[in-house]
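Read the structure below first, then the notes.
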Amino acid sequence: MTVNKGLLSLVENTPNFSNQSLETAINTLKVGWVIKSVDLDTDIQNNTVLTTSQKNDLKDDINNIAHLNLGRVLGDITRHSASIIDATIIPLDDATNPTASTFLEILQNVQTIQGLIPELYGISASEKKRGVNDHLGTLNNIFTTTDDSSVPVFTSLLESINFIVTANLATETALETAYDNLRTFINSVVGDSTDFQQTLDTFATAVATAHTNLNNALASEPLLTHKNNLITQRERANVQVNLENSNLTGIINYISTLSDNIAFTSLAEDETLRDLMSNVAQNTNWQNYFTNYSQEKANSNPIYTTDTDSDKSSIIDQVLADSGLPDVSDPTDLEAVASKAQRDSRINTAGYDRLTVEKQITKSCEQLGITTANRTISSLSNTLLNNMNQHDRDEIARQLDLNESANTLS
């Protein structure tokens, strides 16, 4: 139900969604060589003279020490988040996505998945790496906050960046200079520049060399700890972006598959369609589902539903009582015991009508493996009745297990 309060103030305005919160967080990391690295990545991305191939080659050349080339990491995060906001992350496809998607559609699709996965898998979407933050975490402050005691990615990055910058390393200063020199050259090239590729390569090599020199300067403690932390936090950031990218680029097909499978299972209610689908399905799991459907449905009974193992005994007692069991409780009532034996599915009672009650009890004991030698009929009747009453109880327990199995996702 929609909350009405404040709604009038919204109807003539748009939410104006953006990734500004993420960009603001990234700005806090722009310290020392990192601000130069971010600016360089931005200038490469925005340059109108370099070809796409030249840009990609240049990015690869200066990414020789990836954990120091943080401009690339932060730039990729920014561009990735922007592609979610404008929905260009969803590829156009004539079959599944012929028209451009919107951010609203992305949000709706993610919400749909939050309901489909529990229905089909019996677990939360987060447990399948399909939760809200598994699709939209970069926009949802996942790099600046955590749900546990771990330090957020950006918080940890900033600590190590500040430590390295505060160390006043000559190699860090040299890297900043190499970044500036490459940026200056990139921004100076024009369409008719001659032989600029060679000069571009020279400046790129200077950046790569400066990366190596700074990396070597971080090889011993206490700087080594912060170098390793840069590696760790870069990996955490890349894993998050890759997960979101994988989830979102295929989200339409993913939802379609889940929805179709739910639809197929609902058709199984129709016996004729169920038989047809079991014949045409080529997947063994689907064949088994359709083939076993009627039996599993028969096993499913609300009266056998129990939340925990601890209350199974009380459920058994209740089902027995509702079924009028135990229907015989007095072992001295030989006729009642013999009559119950004739209703026991384990006992072959052929010809029992020609036997005395005592003989019926004896033969029933023999069939159930109950020792009869040197025992009185009273003793046999008592043992037989206990056995049959326990069998009634075991049968209810079996039905409970079958019901649980039929209603357990697998």
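Worth a mention:
- Along the chain, longest interval not containing exposed GluC sites (Glu not before Pro), exposed being DSSP loop plus at most 11 other Cβ atoms within 10 Å: 13-268
- Principal axis dimensions, the stretch 127-230 - Cα atoms, whole angstrom, descending: 55, 38, 20
- Here the average projected area of the convex hull drawn through the C-alpha atoms of the stretch 32-73 stands at 2.7 nm².
- Most mobile listed residue (His80, His391, His67) in the chain, GNM with C-alpha springs under 10 Å: His391
- Radius, Kirkwood style, for the stretch 20-253 when every pair of distinct Cα atoms is counted (Å): 19.5
- Max mean-square fluctuation residue, GNM over the chain, Cα-Cα springs under 10 Å, options Leu157, Leu68, Leu273: Leu273
- Neighbour-count ranking [beta-carbon atoms within 10 angstrom, fewest first] of Val153, Val241, Val73: Val241, Val153, Val73
- Angle between the chain longest axis and helix 312-322 axis [Cα atoms, degrees, rounded to 10]: 40
- Taking the alpha carbon gyration tensor of the stretch 309-406, multiplying each eigenvalue by 5 and rooting it gives semi-axes of 28, 13, 12 Å, largest first.
- Equivalent ellipsoid semi-axes - Cα gyration tensor, the chain, angstrom: 74, 26, 20
- Residue with peak Gaussian network fluctuation, the chain [Cα springs, cutoff 10 Å], from Pro118, Pro222, Pro91: Pro222
- As a proxy for reagent exposure, Leu248, Leu116 were ordered by neighbouring Cβ count within 10 angstrom, fewest first; the result is Leu116, Leu248.
- On Cα atoms only, tilt of 153-166 relative to the major axis of the chain in degrees: 30
- Placing unit charges on the Cβ atoms only, positive for Lys and Arg and negative for Asp and Glu, gives the chain a dipole magnitude near 480 debye about its Cα centre.
- The stretch 18-116: radius of gyration and largest Cα-Cα distance (Dmax), Å: 16.7, 48
- Cα-Cα over 20 Å, subset of Lys30/Lys129; Lys55/Lys227; Lys36/Lys59: Lys30/Lys129; Lys55/Lys227
- MRE, 222 nm, helices only [DSSP H, n ≥ 4, -39500 (n - 2.57), over the chain, to nearest 500]: -20500 deg cm²/dmol
- Folded to 0 to 90 degrees: helix 271-280 orientation relative to the chain principal axis, Cα: 50
Only the coordinates and a few stated rules stand behind these numbers; no lab work does. If you're wondering where the values come from, they're calculated on a predicted model, not measured in any experiment. Here Cβ is always computed from backbone atoms with ideal geometry, including for glycine, and neighbour counts include all displayed protein chains.
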